[in-house]
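Peer 1: A single structure is presented below for examination.
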Amino acid sequence: MRLVVLLLLLCGLNASVLAQVAVVEDRGRTESGAWYVIQTPMGWQPGDGLVLVNHGFDFRPPFETPSLGPQVLRQRQLAQGYALAASSYSDQGWALFSTRDDHAQLLTRFRERFGEPGRIIATGGSLGGVVALQQASQPELGEVDGVYAVCTPAAGSRVWDQAFDLRLTYDAVCADVSGGR
């Protein structure tokens, strides 16, 4: 009986998280050539929060449909009143040299269309995490109140220590394995 109640409770919570929030959407391309998408929940007002969503490393040229992140997270952020904005970046690959301009232009477009955001939170994984950290020190964005960087190669050469340790372990464990070298 407890399991049934727990399952019903979890299903109810998931249904409430996945409930669609009515949004106003703006899509386009900045002067730098980066595609962008912005979603604000209905009723969003200047001074409400904004989440800047950054994608990871990508060899593709700028693409027309930048992601606003996983659906469950996106819906939860919108339900809590946050607007979301993402850019495809104008460069491919290690795009850190152009993201500063891309995001300044994205935020200019946001301000023109929706008004001045309040709290700004930058987030992203992998390269997107590095971009989020970069946004925290980007004065043209205004004050970035928080950064959520996931799996970010932000420790420089220290990132490779784990790979080096793994290789040493492999060499020690597999030294006598046929083909191990």
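Peer 1: State whether the stretch 52-97 is rounded, prolate or oblate according to the following rule on the C-alpha gyration tensor (a ≥ b ≥ c being the square roots of its eigenvalues): a/c under 1.5 gives rounded; otherwise a/b larger than b/c gives prolate, and the remaining case gives oblate. Intermediate results must be reported in sequence, preceding the final value.
Peer 2: Values: a/c = 2.91, a/b = 2.54, b/c = 1.15.
Prolate.
Peer 1: All other residues with a Cβ under 14 Å from the Cβ of ASP102 taken together, and with Lys, Arg as +1 and Asp, Glu as -1, what is their net charge?
Peer 2: Values: positive: ARG29, ARG100, ARG109; negative: GLU31, ASP58, ASP91, ASP101, GLU140.
It works out to a net charge of -2.
Peer 1: Are there GluC sites (Glu not before Pro) in the stretch 100-143 that DSSP marks as loop and that have at most 15 other Cβ atoms within 10 Å, and which are they?
Peer 2: Details: sites: GLU112, GLU140, GLU143; in loops: GLU143.
Here the sparse-neighbourhood loop sites are GLU143.
Peer 1: Right, something else. Counting Lys +1, Arg +1, Asp -1, Glu -1, what net charge surrounds GLY142 among other residues with beta carbon under 11 Å of its beta carbon?
Peer 2: Values: positive: ARG111, ARG119; negative: GLU116, GLU140, GLU143, ASP145.
Residues close to GLY142 contribute a combined charge of -2.
Peer 1: A further question on this structure: Given labels modelled 7 Å from the Cα in the Cβ direction, how far is it in nm from LEU96 to PHE164?
Peer 2: Simple spin-label model gives 1.9 nm for this pair.
Peer 1: Now a separate question. Would you mind calculating the relative contact order of the stretch 57-168 from Cα pairs under 8 angstrom and at least 6 residues apart, reporting the percent as a whole number? If you can, show how the numbers build up before the last one.
Peer 2: Details: 130 pairs, mean separation 22.6, N = 112.
Here the relative contact order equals 20 percent.
Peer 1: Moving on. What number comes out for the charge environment of PRO117, summing +1 per Lys or Arg and -1 per Asp or Glu over other residues with Cβ under 14 Å away? Don't jump to the answer; show the numbers that get you there.
Peer 2: Working: positive: ARG109, ARG111, ARG113, ARG119; negative: ASP26, ASP48, GLU112, GLU116, GLU140, GLU143, ASP145.
So the surrounding residues net to -3.
Peer 1: OK, next. Which whole-number percentage describes the relative contact order of the stretch 19-74, with Cα contacts under 8 Å and a sequence gap of 6 or more?
Peer 2: Numbers: 50 pairs, mean separation 17.9, N = 56.
Once normalised by length, the contact order is 32 percent.
A short reminder: the numbers here are calculations on the coordinates, not readings from a lab. All of these numbers come straight from a predicted model, not from anything done at the bench. A quick note on method: Cβ atoms are made from the backbone with ideal geometry, for glycine too, and the neighbour counts reach across all protein chains shown.
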